[in-house]
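The structure under discussion appears below in the form of structure tokens.
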Amino acid sequence: QKAKFASMRNIEPISIDGTRINLMINAGLRDDVSSITTTGADGIGLFRTEFQFLVSATLPRREQQIRFYRDVLDVAGNKPVIFRTIDVGGDKALPYLQNRGQDEENPAMGWRAVRLALDHGGLMKAQAQSLLEASPGKLLQVMFPMIAEPWEFDEAKQVFDDQLALLKKRGKQPPSKIRYGVMLEVPALADMLDILLPKVDFISIGTNDLTQFLFAADRAHPRLAERYDWLSLAIMRFLNRVVKECIAHDVDVSICGEMGGRRLEALALLGIGVRKLSITPAAIGSIKSLVISTDIPKIEAKMQELLKSPCPNLRPELEKWAEEHGV
Ligand code: PEP
Ligand code: MG
């Protein structure tokens, strides 16, 4: 099976009806970046920049950050990379940051990600400066994690705007273009899309955190691992609403949580209009094979029917459908 998927590296993910699906990888370490080549992925849809901070004993200096981001962009070549700003705090504690997260009762819902980075102003500023300096004349794509309200996006983007102005003032070459996006992983943001969408270039749905918040169920709790399903009606209805709203506003939408790397989940996502997935590199072959054997209008019709049904979990129906349709 593995060899079969590896041999698909050069095959494009085009569905039976001719839809080109964008398949990207999630990455975080320098070595992950070469998986773009080995898998034939379209780029990096989620680059977890906090990995560099987590593997370091001290706060990475600006020069180190610049070198690292430059390397990533060099290895990625002409394939796009979306850098997610630092998502530490909570359970991903950084001892050298005097992280209050260690004392938190609910670290996943605590002082983490963009909340911490904005309060710790220097952190966001240094990262913005580094990302901007690492991309002279290139496309820079940035997204912010754990945005709960549109104003948090404004605040984070303002840091980049300020740093961009400074960079230009110093006579340094800016990126050729900057695209700003938001991770939708806090449910409250889904009710603010009419306000948020006109501000952003793209949305990436982080289904790992989103699911834990929708079900109020710790994503790492072994006793809860089997209890709630990504193919539950609640999740799929929620995602369907968000995806449709993004499409209606003409805003690029993708999924970057782990669910996109699983076949039935990916099938369901294609059925609600998702055309971009960022997944673990090991799943690219499997999802590519799923895409090329799927007739999208047919799964869209099936999903419309399932989303209206009172069936609490779509998995059994989707399994049956996949088998009947040779997916
Ligand atoms: C997510 O929450 O779905 C996500 C992709 O980000 P992370 O797993 O790094 O929290
Ligand atoms: Mg997350």
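The table below gives the values:
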{"quantity": "Neighbourhood net charge (11 Å Cβ-Cβ; Lys/Arg +1, Asp/Glu -1) for residue 213", "calculated": "-2"}
{"quantity": "Enclosed volume per residue, in Å³, of the convex hull spanned by Cα atoms of the chain", "calculated": "138 Å³"}
{"quantity": "Orientation-averaged projected area, Cα convex hull of the stretch 84-182 (nm²)", "calculated": "6.2 nm²"}
{"quantity": "Projected label distance in nm at residue 237 and residue 311, using a 7 Å step from Cα toward the beta-carbon", "calculated": "1.6 nm"}
{"quantity": "The stretch 132-207: C-alpha gyration tensor shape, a/c 1.5 cut-off, then a/b vs b/c", "calculated": "prolate"}
{"quantity": "Relative exposure of 311, 246, 256, judged by other C-beta atoms within 10 Å (fewest first)", "calculated": "311, 246, 256"}
{"quantity": "Around residue 140: net Lys/Arg minus Asp/Glu count, Cβ-Cβ under 12 Å", "calculated": "+2"}
{"quantity": "Lys/Arg +1, Asp/Glu -1 at C-beta; the chain dipole; positive extreme among 145, 204, 285", "calculated": "285"}
{"quantity": "Whole-angstrom Cα spans of the stretch 137-178 along principal axes, big to small", "calculated": "35, 18, 10"}
{"quantity": "Kirkwood Rh, Cα atoms: Rg over Rh of the stretch 145-279", "calculated": "1.04"}
{"quantity": "Extended-chain gain in nm, criterion 0.36 nm per residue less alpha-carbon gap, residue 96 and residue 298", "calculated": "67.5 nm"}
{"quantity": "For the stretch 229-327, convex hull volume per residue from C-alpha positions, Å³", "calculated": "92 Å³"}
{"quantity": "Set of lysines near residue 169 by C-alpha distance (under 17 Å), chain-local residues within fewer than 8 positions excluded", "calculated": "125"}
{"quantity": "Full-extension gain in nm, residue 166 to residue 227, via 0.36 nm per residue minus C-alpha separation", "calculated": "17.0 nm"}
{"quantity": "Around residue 173: net Lys/Arg minus Asp/Glu count, Cβ-Cβ under 12 Å", "calculated": "+3"}
{"quantity": "Using a Förster distance of 22 Å, the FRET efficiency for residue 247-residue 179 (Cβ separation, nearest 0.05)", "calculated": "0.80"}
{"quantity": "DSSP-assigned coil residues among trypsin sites (Lys or Arg not before Pro) in the stretch 1-65, each with at most 14 further Cβ atoms within 10 Å", "calculated": "9, 61"}
{"quantity": "Point-to-point label distance, residue 20-residue 106, nm (Cα→Cβ direction, 7 Å offset)", "calculated": "4.4 nm"}
{"quantity": "Computed Rg/Rh of the stretch 6-99, alpha carbon atoms with Kirkwood Rh", "calculated": "1.08"}
{"quantity": "Simple label model, 7 Å out from Cα along Cβ direction - residue 119 to residue 63, nm", "calculated": "3.2 nm"}
{"quantity": "Gyration tensor (alpha-carbon) shape descriptor, the stretch 115-155, a/c threshold 1.5", "calculated": "oblate"}
{"quantity": "Relative contact order of the chain, defined on C-alpha pairs under 8 angstrom at six or more residues apart (%)", "calculated": "19 percent"}
{"quantity": "265, 12 arranged by Cβ crowding within 10 Å, fewest neighbours leading", "calculated": "12, 265"}
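Computed from the coordinates by the stated procedures, all read-outs in this text should not be read as laboratory data. For clarity, every value in this text was computed on a predicted model and none was experimentally measured. We place every Cβ from the backbone using ideal geometry, glycine too, and count neighbours over all the protein chains shown.
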